[in-house]
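The values are calculated or read from the model by the stated rules, or taken from the named source; none is laboratory data. As the structure is a computational prediction, the values presented were derived from the model and not from experiment. Please note: Cβ atoms are built from the backbone with ideal geometry, for glycine as well, and neighbour counts cover all protein chains shown.
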Amino acid sequence: MHAVSRLGADLPSITAAERAVADALPIDVPADAARDAVARVPLWFHTFGLNRAAGIYTQGVARDHRYRLPAFPSSFAGLSVLDVGTFDGFYAFLAEARGASRVLAVDNEQYVDWVRARWGRELLGGEGFRTIAELTGSWVEYRRLDAFGLGDLDERFDVVLCFGILHRIEDPVGLLRVLRSRLAPGGRVLLETYGSLRPASDPSVHVPDPGEVYDRDEYVYWGFTSESIRRLGSVAGFQAWDLADAPVIDGHPRLIGALRVRE
């Protein structure tokens, strides 16, 4: 049996796929501390393995992210990383564990409204991230910051992580331009977003009706093809788009790859 949060049966149980993702970042604190951490957060977005021997995992609502792991570098040694839209921070902490020299995680915490609308749960914002940082003694820096405020930062990064965000932004080209401005020479944006069932070479972008993609979720504005990402990236100043995978997860198409700039 694995542990669940106090939310009850209205959330899906943890799947073997999500446990496999969580096991890429083993935390393994004492069972009492793990149970306390699970219960401390009203809703977990990411699944963390807090004590795998006792089967204690957070009940993350983000579903099967296994397709992200092959595209996620096995080493960040010596690299600076910016994680945009970090939520509970799984990928920021994973970059830290894989050797990043600097990790900044940002989120505007608008997910508080999304969680309330979709699951009827109340979050303050950032509590999941802070809980994991405390358990692990992490040095990842967290800032409450909107993605469009990244231009105010006084540093650039070798890698920018932008997972699950672009399709929820009303101005995707504007966001890509901001991300491009935060890259060091030769840097890259690891991008994952909602896809389209149209051919990969089709440059069109699908515009779903509110609530069409996910029930009680009106914040999915776009479905991209690989070619539309390449063209939007080019407009935003990127020189290349390398598609890593285009899986369909529970009927939902996804895209993951890297937008690159030259040295």
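ASP64 meets the stated requirement of being crowded, with 16+ Cβ neighbours inside 10 Å and at pLDDT below 95. Of the candidates ALA62, ALA97, ALA105, ALA92, the single residue that is more than 15 Å from the chain's Cα centre (by Cα) and under 28 Å from PRO42 (Cα atoms) is ALA97. Number of residues in region 248-263 that are in contact with a strand residue (DSSP E or B) (Cβ under 6 Å, 6 or more places away or on another chain) and surrounded by 14 or more Cβ atoms within 10 Å (Cβ to Cβ): the value is 9. Candidates are the residues of region 202-247 that are of a type outside the set (D, E, K, R) and assigned to a helix (DSSP H, G or I); the one that is surrounded by the fewest Cβ atoms within 10 Å (Cβ to Cβ) is VAL235.
Residues that are surrounded by 20 or more Cβ atoms within 10 Å (Cβ to Cβ), at least 3 per element: which helices (runs of 4 or more DSSP H) completely within region 86-192 meet that?
On the way: elements: 90-97, 111-119, 127-136, 172-181.
Result: 90-97, 127-136, 172-181.
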